[in-house]
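Enquirer: One structure coming up, written as structure tokens, with questions to follow.
Nothing in this text is a laboratory measurement; each read-out follows from the coordinates by a stated rule. Fair warning: this is a prediction, and the values are worked out from it, not measured in the lab. Quick reminder, even Gly has a Cβ in these numbers, built from the backbone with ideal geometry, and neighbours come from all protein chains shown.
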Amino acid sequence: MQFLEFARICERLEGISGRLDMIEEVAGVLPRLGDDELPVFVRFIMGRVFPDWSTKKLGVGPNLLYDAVAYVIGRKRETVREAINATGDAGLAVEDLLARKEQTSFFIQELDLVDVYRELGRMAAAGGQRSQKEKLRVAQGLFGNARPLEGRYLTRLMLEELRIGMGEGNVRDAVARAFALDVRLVEHAHQAMNDLGEVALLARRDPDALSRVTIEPFRPVKMMLAQAGTIAGQVADHGEVAVEYKYDGSRFQFHKVGGVCRIYSRRLEEVTESLPDIARQLMEATDRDVILDGEAVAVRDGRPMPFQFVIRRFRRKHEVDAMMEKIELVPRVFDILYIDGESLLDRSLAERRTILEGALRAHVAEQFRVSDTAAAEAIYADALARGHEGVMVKVPASPYTPGVRGRQWVKVKPGVETLDLAVVGAEWGEGRRAKMFGSFLLAVQDQGRLLPVGKVATGITDETLADLYALFKDSVIAHSGKEVTLEPAVVFEVGYSEIQTSPNYASGYALRFPRFVRVREDKSVDEVETLDSLAGRYGGQKNGQGSI
Ligand code: AMP
């Protein structure tokens, strides 16, 4: 497939508003793609380049992109920046710039979908000191051969935000429809393989094999997630529940085969090098081949330390030893996904727990099986007294569902009602904050789109504002007056007093009294609050029940 055709399909999808029509459109394309094209198309259409399990990163910021486009149109970086500022949409601006580029007699090579993928792979592979130059060279090559419409989607792919509304759910349904398969089968394979691209290929080549695919060590699995809820609600719905402490640390997934292990963060980045102490403790605790799920916590004098200490370690690549002396991390393992060649995803939590206890000599997180609310409340009180964040109330009969935020795991913690939201813009501050951003535009996700829901300026100290400026200054895509558009890459946890409906924001909702709580460095933008879940919270709120 030519990249131009891919771009035309994206353009058509942008014009379709109904979910089913979009699925139909994509389902119509999939069967006619070649074997090498199918996985690439499936990832690209979701705005992703590499499989979700892959730790590869493009590493392209807006500046590199501006430089590449500037080079191709023979203008200065500022011209590109200004054009993007004027439209507020990098994709459309690049399209327009390429359209106005003087006709040259240079030979333009047709861009092919798979070639674009290969080139982006080269960009991701470029490392070391010369990496930016190499990335720039590849980007220049791609834009140099791009027609205007291709430029629009190339830009958005590089910024990893396609904005056409094909999220994972829609693409999964399109794969099922294209190859006449049960959606549950596609979902099963997706959970195990963690890449819809390969699932699509298998769906066409050998659909029977979809039910047999299984998780493998060293290919990280999406983490199972929790919903906010109450102890009484879980006990009423399920009778017996498994209560665990909710540790305030950072999630990790530990893979081990023989004498080799790797550790992945919640965002499925490889963090083995940053966590030698976790690796050592777990290697010493088991002789089996395993995939474990747990939380890394910082401990000082037996008491848990705040989450910020842990996240610092996850980011640390150099001087790990010196840092380790300051902050010791210990693993609390609460689940097992794989043992000695066998996937445990379909086993119940109760069974997995027994296997976990048999496989690991130490570091298994405590779990209490109780059937009445009072007993669970007592554990909750004890958890808080011990300095934990709260408790997790889990359903003993539940399988492990990767990537699913369901009611099988419910988190209960006191106080603040918070949302995790993507930061998509900012506004310059005033007075002593004039050289920094003073407020931030936040968005929820809806099928691959990010829809604003409000701004936050409260709760941020001057020191944090300075840190945030450093974090965002190279991610500015466009300026308009005092406002800037940011490449969406950072997640804020934000408190609020109430969710209201509002015509002012594209999500249709606004937050009353939003208050900054912290940067969720462990979360990626595709993990932020969904529009559906926000609507659910809105519906469930009685007279401003949230709290600040
Ligand atoms: P949240 O990040 O607020 O959605 O809460 C869910 C997170 O709590 C998980 O992703 C884990 O990182 C963390 N967590 C702490 N203790 C546990 C536990 N016992 N079981 C599952 N998750 C836990």
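Enquirer: Quick one: check the C-alpha center-to-center distance for the range 479-539 versus the range 6-32, whole angstrom.
Expert: What the calculation gives is 28 Å, centre to centre.
Enquirer: What list of ³J(HN,Hα) couplings, whole Hz, do you get for the range 8-20 from phi and the Karplus terms 6.51, -1.76, 1.60, once you set θ to phi - 60° and write x for glycine and proline?
Expert: Whole-Hz 3J(HN,Hα) from phi for the range 8-20: 5, 5, 4, 4, 4, 4, 4, x, 9, 9, x, 4, 5.
Enquirer: Could you state the angle between the C-alpha long axis of helix 183-193 and the longest principal axis of the C-alpha atoms of the chain, as a value from 0 to 90 degrees rounded to the nearest 10?
Expert: Taking the Cα atoms of the chain, the angle to 183-193 is about 80 degrees.
Enquirer: Ok, one more. For a quick check of your reading of the filter: which trypsin sites (Lys or Arg not before Pro) in the range 339-415 sit in a DSSP loop and have no more than 11 other Cβ atoms within 10 Å? Please report the intermediate quantities before stating the final value.
Expert: On the way: sites: Arg347, Arg352, Arg353, Arg361, Arg369, Arg386, Lys394, Arg405, Arg407, Lys411; in loops: Arg347, Arg361, Arg386.
Counting only loop positions with at most 11 other Cβ atoms within 10 Å, the trypsin sites (Lys or Arg not before Pro) in the range 339-415 are Arg361, Arg386.
Enquirer: By counting other Cβ atoms within 10 Å of each Cβ, how are Lys256, Lys133, Lys413 ranked from fewest to most? Let's see the in-between values first.
Expert: Values: Lys256 22, Lys133 11, Lys413 17.
Fewest-to-most ranking of Lys256, Lys133, Lys413: Lys133, Lys413, Lys256.
Enquirer: What are the aspartates and glutamates whose alpha-carbon lies under 17 Å from the alpha-carbon of Lys413, with same-chain residues fewer than 8 places away excluded?
Expert: Reachable aspartates and glutamates: Glu244, Asp248, Glu295, Glu377, Asp382, Glu389, Glu493.
Enquirer: Then there's this: Using alpha carbons only, how many degrees (0 to 90, rounded to 10) separate the axis of helix 113-125 from the longest principal axis of the chain?
Expert: Roughly 60 degrees, rounded to the nearest 10.
Enquirer: Lys133: which aspartates and glutamates have alpha carbons under 13 Å from its alpha carbon, excluding same-chain residues fewer than 8 sequence positions away?
Expert: By straight Cα distance, Lys133 reaches Asp67.
Enquirer: Pairs Lys135/Lys222; Lys101/Lys135; Lys56/Lys246; Lys101/Lys482: which exceed 27 Å Cα-Cα?
Expert: Working: Lys135/Lys222 29 Å; Lys101/Lys135 22 Å; Lys56/Lys246 31 Å; Lys101/Lys482 29 Å.
Cα-Cα > 27 Å for Lys135/Lys222; Lys56/Lys246; Lys101/Lys482; rest within.
Enquirer: Ok, one more. Using amide H atoms built 1.01 Å from N in the peptide plane, name the residues 5+ places from Phe252, or on other chains, whose amide H lies under 5 Å from its own.
Expert: Distant-sequence amide H within range of Phe252: Gly294, Glu295, Ala296.
Enquirer: Any idea what angle helix 196-205 forms with the longest principal axis of the chain, computed on alpha-carbon atoms, 0 to 90 degrees, nearest 10?
Expert: Its long axis makes an angle of about 80 degrees.
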